[in-house]
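> Let me begin by handing over the structure; questions about it come next.
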Amino acid sequence: MPIEPEQIILIIEATGTFAFAVSGATAAIRSRFDLFGIFVLAFATAIGGGTIRDVMIGNLPVNWLTDTLAITSVIAGFIFTLLIYRRMKKLEGWLFAFDAAGLGLFTVMGTQIGLEAGMSVGISIALGTITGCFGGVLRDVLAGDKPLIFQEEIYAMAAVTGGIIFTLILHFFDTLFVAQLTGIVVIVLIRVIVVRYKVGLPRMNVD
């Protein structure tokens, strides 16, 4: 039985929510938060970008208020992190893996939601970038770190690139699943290459 587009969005949303919840919970553990703080950071990371997107396009009430799957995914990510994180040798690698996955999944989902809401391609890509990036911004701010999106490390541009590729494949080949998968993989690969080879955007010299 073929999977409907609505079901694909739900799968991407649940997976992305889980991934970002793990990312947020891991950052909170690294910052020595208590259990309540770990859950709050997992929740904020997982729903932050999607909440901003929904408010911007007038999708009210925002998705997580009416979608039990989103809350369930956050709780699952929170519990999963508590059970597994001690077995991970490098917490930074653990955080990076789930952050990259969440960025890819949420960017593609946000771009697709923008297109389905009748927005232009450019606005849809911007919405996808906001969906993918701003949960991580909330995570970093609440954890007391400088947000990755504001550093020289390529983060938002990875989301933009993935969103562009997603829309191009969807437009020219009209294959939703291939477009989604390619967009997600491209974003994750860009993040891996950026971190592996320390690629970044130039900074302004104020001296």
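The values are calculated or read from the model by the stated rules, or taken from the named source; none is laboratory data. Every value quoted in this text rests on a predicted model; they were computed, and no experiment measured them. For neighbour counting, all protein chains shown are included, and Cβ atoms are generated from backbone atoms with ideal geometry for every residue, glycine included. The accessibility values were calculated without ligands, DNA or RNA, using every heavy atom of the protein model including side chains. Shrake-Rupley method; radii C 1.70, N 1.55, O 1.52, S 1.80 Å.
> Heavy-atom accessible area per residue, the stretch 79-207, 1.4 Å probe: how many Å²?
It amounts to 55 Å² per residue over the stretch 79-207.
> Quick one, can you get me the convex hull of the C-alpha atoms of the stretch 84-188 expressed as volume per residue in Å³?
110
> Turning to a different aspect of this structure: Sticking to Cα atoms, compute the Rg of the stretch 6-51 to one decimal and its Dmax as the biggest Cα-Cα distance, whole number, in Å.
Every Cα atom of the stretch 6-51 included, Rg and Dmax give 11.5, 39 Å.
> Show me the trypsin sites (Lys or Arg not before Pro) within the stretch 59-144 that DSSP assigns to loop and that have at most 12 other Cβ atoms within 10 Å of their Cβ.
Counting only loop positions with at most 12 other Cβ atoms within 10 Å, the trypsin sites (Lys or Arg not before Pro) in the stretch 59-144 are Lys89, Lys90.
> Provide the solvent-accessible area of Leu35, counting protein heavy atoms only and rolling a 1.4 Å probe, rounded to the nearest 10 Å².
Approximately 110 Å² of Leu35 is accessible to the 1.4 Å probe.
> What are the trypsin sites (Lys or Arg not before Pro) within the stretch 1-80 that DSSP puts in a loop, where the Cβ has at most 10 other Cβ atoms within 10 Å?
Answer by residue number: Arg32.
> Sticking with this structure for a sec: For the stretch 1-147, evaluate the Debye formula with one uniform point scatterer on each Cα (no solvent term) and list log10 I(q)/I(0) at q = 0.14 Å⁻¹, rounded to two decimals.
Scattering profile of the stretch 1-147, log10 relative to I(0): -0.60.
> Taking θ as phi - 60°, what are the ³J(HN,Hα) couplings along the stretch 33-42 by the Karplus curve (6.51, -1.76, 1.60), each to the nearest whole Hz, with x for Gly and Pro?
6, 7, 4, 5, x, 4, 5, 4, 5, 4
> Sort out for me the Cα centre separation of the stretch 31-83 from the stretch 146-199, rounded to whole Å.
Spelled out, the Cα-based centre of one part sits 22 Å from the other.
> What is the Cα coordinate range of the stretch 21-96 on the first, second and third principal axes, sorted by size from largest, in whole angstrom?
43, 20, 19
> On to the next question. Once neighbouring chains are kept in place and the probe is 1.4 Å, which whole percent of the accessible area of the stretch 127-203 is contributed by carbon and sulfur?
The computed percentage sits at 72.
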